[in-house]
Amino acid sequence: MKKLVVLLFSSVCIGIGVGFMIRLHISPGGIDLLALLISKSKAINPGIVMFLIDLFIIIAGIIVLRDFKLIYSIITISCVGLCVGILNNFKSINFYLK
């Protein structure tokens, strides 16, 4: 139970940080950069793109490695994708400062 709480808290913190970076069109690199480029060209929320790419990679890892501890990674990318999606969905940054 303690691991799950720590997992969710750290995932939300990462999601908020990455969400603000992508909102300002800054990328930490890797999959986030690819998601930012795809979201700019196709007008799709970058949180959804990040989630789908990461989900594909983790499911491939589960199939190849047969390690079901990677389910924790699916929970992490779900929280990160949700936070990025929410932070990039609103037009005004003042919403978060009130």
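The values are calculated or read from the model by the stated rules, or taken from the named source; none is laboratory data. Please read all numbers here as calculations on a predicted model, not as lab measurements. Cβ coordinates were reconstructed from backbone atoms using ideal geometry, including for glycine residues, and neighbour counts include every protein chain displayed. Ligands, DNA and RNA are stripped out before the accessible areas are found, and what is left, the full protein with its side chains, is counted by its heavy atoms. Shrake-Rupley method; radii C 1.70, N 1.55, O 1.52, S 1.80 Å.
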Accessible surface ranking that places the most exposed of 49, 64 first, with a 1.4 angstrom probe: 64, 49
Sparsely packed chymotrypsin sites (Phe, Trp or Tyr not before Pro) within the chain, loop by DSSP, other Cβ within 10 Å at most 13: 90
Backbone HN-Hα couplings from phi across the stretch 50-60 [Karplus 6.51/-1.76/1.60, Hz, Gly and Pro as x]: 4, 4, 5, 5, 5, 5, 4, 5, 6, 5, 5
Magnitude of the charge dipole, the chain, Cβ model with Lys/Arg +1 and Asp/Glu -1, debye to 20: 200 debye
Let me check something: with ligands and nucleic acids excluded, how do 11, 41, 73 order by accessible area (1.4 Å probe), largest to smallest? 41, 73, 11
Unit charges at the beta carbon, dipole of the chain: most positive-side option, 71, 52, 8: 8
In whole percent, what relative contact order does the chain give with Cα contacts below 8 Å and a gap of six or more residues? 40 percent
Determine ³J(HN,Hα), in whole Hz, for all residues of the stretch 64-75 in sequence, where each value follows from phi through the Karplus function 6.51 cos²θ - 1.76 cosθ + 1.60 and θ = phi - 60°; x replaces Gly and Pro. 6, 8, 6, 10, 7, 6, 5, 4, 4, 5, 5, 5
Using only the alpha-carbon atoms, how far is helix 2-23 inclined from the longest principal axis of the chain? Give it as 0 to 90 degrees, nearest 10. 40 degrees
Can you work out ³J(HN,Hα) from phi for every residue in the stretch 28-41, in order, using Karplus 6.51 cos²θ - 1.76 cosθ + 1.60 and θ = phi - 60°, giving whole Hz and x for Gly and Pro? x, x, x, 5, 5, 5, 4, 5, 5, 5, 5, 5, 5, 7
